[in-house]
Amino acid sequence: MRHLLLFIPLIALGQISSPLVENVPVSLDAGLDAPSYQWSLNGVEIPGATNRIYFLDSPQEADAGTYVVR
């Protein structure tokens with residue numbers, strides 16, 4: 001089991017880092033109600049990731065990085 005690093009910038013709280021364990025599901029929550037959402041990973045929009053919660057059912061090394069929701 002490998003541990004990866006996940007950075008989740010939150011608007012009100014600053015940046016939070018959290019370990020991401022390969023093949024262990026994780027959900028990211030924007031934490032705020034908004035009319036729309038778009039998640040990105042390392043500055044690249046994630047196609048179809050337009051809900052308040054973004055779910056990774058089996059994260060891999062390529063999923064480690066900085067997640068931002070707008």
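Any read-out appearing in this document is the output of simple, stated calculations on the displayed coordinates, not a laboratory observation. Predicted, not measured: the structure shown is a model, and the values here were computed from it. Cβ placement follows ideal geometry from the backbone for every residue including glycine, while neighbour counts extend to all protein chains displayed.
Assorted remarks:
- Charge sum, other residues only, whose C-beta stays under 12 Å from Y67's C-beta, Lys/Arg counted +1 and Asp/Glu -1: -2
- Net +/- balance of residues flanking V26 in space, Cβ distance below 10 Å, scoring K and R +1, D and E -1: -2
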